[in-house]
Every structure is written in C-alpha cells, then in structure tokens.
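The values are calculated or read from the model by the stated rules, or taken from the named source; none is laboratory data. Source: prediction; values computed, not measured. No Cβ is skipped: glycine too gets one built from the backbone with ideal geometry, and neighbour counts run over all protein chains shown. Only protein heavy atoms, including side chains, enter the accessible area calculation; ligands, DNA and RNA are left aside. Shrake-Rupley method; radii C 1.70, N 1.55, O 1.52, S 1.80 Å.
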Amino acid sequence: MIKIKIATKADTEVLALLGRLTWVESHGHYIEDKSDVLKYLNENFSVFKTKQNINNPKQLFYIIYADDLPVGYAKLVVNASNENITSQNSCQLERIFILNDFIPLKIGQQLLTFVEEQAKKLQLDTMWLTVYIKNNRAIRFYERNEFKNVGELNFIVNGKGYENIVFSKKI
C-alpha cells in the first residue's frame, strides 16, 4: 500500500535520513572526491538543517510510504525564482527522491503527481527543477512528465561545479 503525507516537524529525523540515503544513491557516484560527498551531506541533510528547512513556511516536504515504510520524499520551495522562469507564481521542486530499492514500484510518478496537485492548490502555475546532465534516468522521467529544458545551472558541491539542466512545466 502506498500513501503520501505532508511532513511535519515530527518527521525531521526521517527526512534527514531519507535525504542522506537518497542523495548518495542518486548523486554520490557522480562526485569524484568522496570527502566532498560527506561534507555535502553533513551541510545539507543534518537534523539541524532539516529542522530549519521544515520550519520555513516556504519549504514544503512530502513523504511517500510503501507498506508504512518511508521510502522517499519531495521538497517543494514556494515562490522560488530562477532566471529562466518568467512566472511570478512558480515553485521549485528542489528534491524528489525514492530509495533505489523502491524505484521499480514506479512510485516516483505518484509522488510527482501529488506534489503537482499540492502546488496547484497553492495557486502556483509553474514548477521548475534542476537535473544533473549525466542523470539520464531522471532526465527521461521529467521529459515523460512534460517538463521542458529551459536553461542551465551550475550546481556546486564543495566548490566544484556540476552542470545541471533547468526544467520547467506549467501546472
């Protein structure tokens, strides 16, 4: 059974752990220096940082469960701007991750659909996100979901840049 819930402060530790695990699974192999991976995780997915994020009313988190086990999450940043996006009512899908073992269940699609519906309820009209240029599986996923390539962004991990595609979609 799959369910999705809006995360609250009580979910901080679960989000921090899911964030660390899923980021390493999806991006860790792209980072040459593994000490950079650990530093990035400590800076971005600590319980302290996750608590700061979840307390920010412009940052919304959603957790997806398979048989009551938290297996992925999404982070939506409301009214996030990007130079490639003209809408004033846009949001950034900053993160959407599923643990590798659960990707074959195709639940990422359910989570994306849920987050898009939440964004519409907030009267947002455009969703944008970034994807590393070598992450072909993610690129195909977003293209299947009608996201369009609208630009580039350099994603920095401990001072080293990684070229990302900026995708956008009217919702």
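Just a few scattered comments:
- Residue that is modelled with the highest pLDDT [pool: residues in region 16-49 that are assigned to a loop (DSSP other than H, G, I, E, B) and surrounded by 15 or more Cβ atoms within 10 Å (Cβ to Cβ)]: Phe45
- Residues of region 18-58 that are within 14 Å of Lys75 (Cα to Cα) and under 15 Å from the mean Cα position of the chain (by Cα): Leu18, Gly19, Arg20, Thr22, Trp23, Asn44, Phe45, Thr50, Asn53, Ile54, Lys58.
- Qualifying residue in region 55-74 (condition: part of a loop (DSSP other than H, G, I, E, B) and of a type in the set (Ser, Thr, Tyr)): no
- Test: Val78 is touching a residue at least 12 places away in the same chain (Cβ under 8 Å), more than 24 Å from Ile2 (Cα to Cα) and open to solvent by less than 50 Å² (accessible area, probe 1.4 Å): yes
- Members of region 139-167 found to be at pLDDT 90 or above and of a type in the set (Val, Ile, Thr), listed by number: Ile139, Val150, Ile165, Val166
- Filter result for the condition that a residue is farther than 22 Å from Ser26 by Cα, open to solvent by 30 Å² or more (accessible area, probe 1.4 Å) and in a helix (DSSP H, G or I), over Gln109, Gln52: Gln52
- Looking only at residues in region 85-106 that are open to solvent by 50 Å² or more (accessible area, probe 1.4 Å) and in contact (Cβ under 8 Å) with a residue 60 or more places away in the chain, the one that is farthest from Arg137 (Cα to Cα) is Leu105.
- Region 123-150 residues that are farther than 20 Å from Gln110 by Cα, paired with ones that are open to solvent by 40 Å² or more (accessible area, probe 1.4 Å) and assigned to a helix (DSSP H, G or I) (beta carbon under 7 Å, 6 or more apart): Tyr132/Tyr30; Lys134/Tyr30
- Close pairs (9 angstrom Cβ cut-off, 6 or more residues apart or separate chains): among the β-branched types (Val, Ile, Thr) in region 44-68, assigned to a loop (DSSP other than H, G, I, E, B) anywhere: Ile54/Ala7; Ile54/Thr8; Ile63/Ala7
- Among (1) closer than 24 Å to Ile6 by Cβ; (2) touching a helix residue (DSSP H, G or I) at 6+ places or on another chain (Cβ under 7 Å); (3) aromatic (Phe, Trp, Tyr) - the single one Phe147 does not satisfy: (2)
- Residue count, region 112-142 (criterion: of a type outside the set (A, V, I, L, M), in contact with a strand residue (DSSP E or B) (Cβ under 8 Å, 6 or more places away or on another chain) and assigned to a helix (DSSP H, G or I)): 4
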